[in-house]
1. Would you please name the residue that is surrounded by the most Cβ atoms within 10 Å (Cβ to Cβ), looking only at residues in segment 60-77 that are closer than 25 Å to D95 by Cβ and more than 16 Å from the chain's Cα centre (by Cα)?
2. Could you figure out which of (1) touching a Leu at 6+ places or on another chain (Cβ under 8 Å); (2) of a type outside the set (D, E); (3) farther than 16 Å from H29 by Cα isn't true of V78?
3. Do the conditions hold for V25, that is, is it of a type in the set (A, V, I, L, M, F, W, C), outside any helix (DSSP H, G or I) and in contact (Cβ under 8 Å) with a residue 12 or more places away in the chain?
4. Restricting the search to segment 80-98, which residues are of a type in the set (S, T, Y) and either surrounded by 20 or more Cβ atoms within 10 Å (Cβ to Cβ) or within 19 Å of D11 (Cα to Cα) (or both)?
5. Scan segment 113-129 for residues that are part of a helix (DSSP H, G or I) and more than 14 Å from V33 (Cα to Cα) and report the count.
6. Name the residues in segment 1-54 that are surrounded by fewer than 13 Cβ atoms within 10 Å (Cβ to Cβ), under 14 Å from the mean Cα position of the chain (by Cα) and on the phi > 0 side of the Ramachandran plot, would you?
Amino acid sequence: MAPVDTETLIDTWRGLLAGSGKSWVLFEHGTCVVIEDPAGDLAERATGLLREFGPVQVAGPSGDFRVLELGEEQGWLVTGHHPDVVTFVASGEPDEPSHLAVGMHGRAKRDQDGTGLRVVHVEDARPTAP
C-alpha cells in the first residue's frame, strides 16, 4: 500500500470541507483536525487535540472507529472518539476494502499522526481584517 502524497491529501480535504467555512489542519498521514473555534495558532491547537485524541490505546475509546464511505470510489473517512479528528483513507490503500480493514488502517494512520504530530498543511478560513 502506497502512502498518499501531501498535495492529494490537501486537495481531498479542500474538496470535503469546501463551503464549510471551517479552518483545518492536516497531518502527515492524512488525519485532519477541524478547528471549530479558530482562535490563536491553528497548528498549535490542532497538535494539542491530536496529541490527546490521536494515539490509540486498544480496549479504550481511542480504539473505536467508524468508517464513512465517500462517493465515486474516492475512499473513506475514519472517525474516532473526537468528532473533529478524522482520517482519510484512499481507495486502494488498504489491501482489503472491508469496513473493518479500512477502519483499522485509518486508526493506525491516526495513531501515527497522533504520535508523530507532523503538520503538513494549515487551511485558515478565518475572515481577514479589512
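The numbers here are math on the coordinates, done by the rules we state, and not lab data. All values reported here derive from a predicted model rather than from experimental measurement. Glycine gets a Cβ as well: all are built from the backbone with ideal geometry, and neighbour counts include every protein chain shown.
1. The first filter runs over segment 60-77 and keeps only residues closer than 25 Å to D95 by Cβ, leaving 62-77.
Remaining after also requiring more than 16 Å from the chain's Cα centre (by Cα): 71-73.
Details: G71: 5, E72: 6, E73: 10.
Per the criteria, the residue is E73.
2. (3)
3. For V25, the condition - of a type in the set (A, V, I, L, M, F, W, C), outside any helix (DSSP H, G or I) and in contact (Cβ under 8 Å) with a residue 12 or more places away in the chain - is met.
4. Quick first cut of segment 80-98, residues of a type in the set (S, T, Y) only: 87, 91, 98.
Residues satisfying the conditions are T87, S91.
5. Qualifying residue count for the region: 2.
6. none
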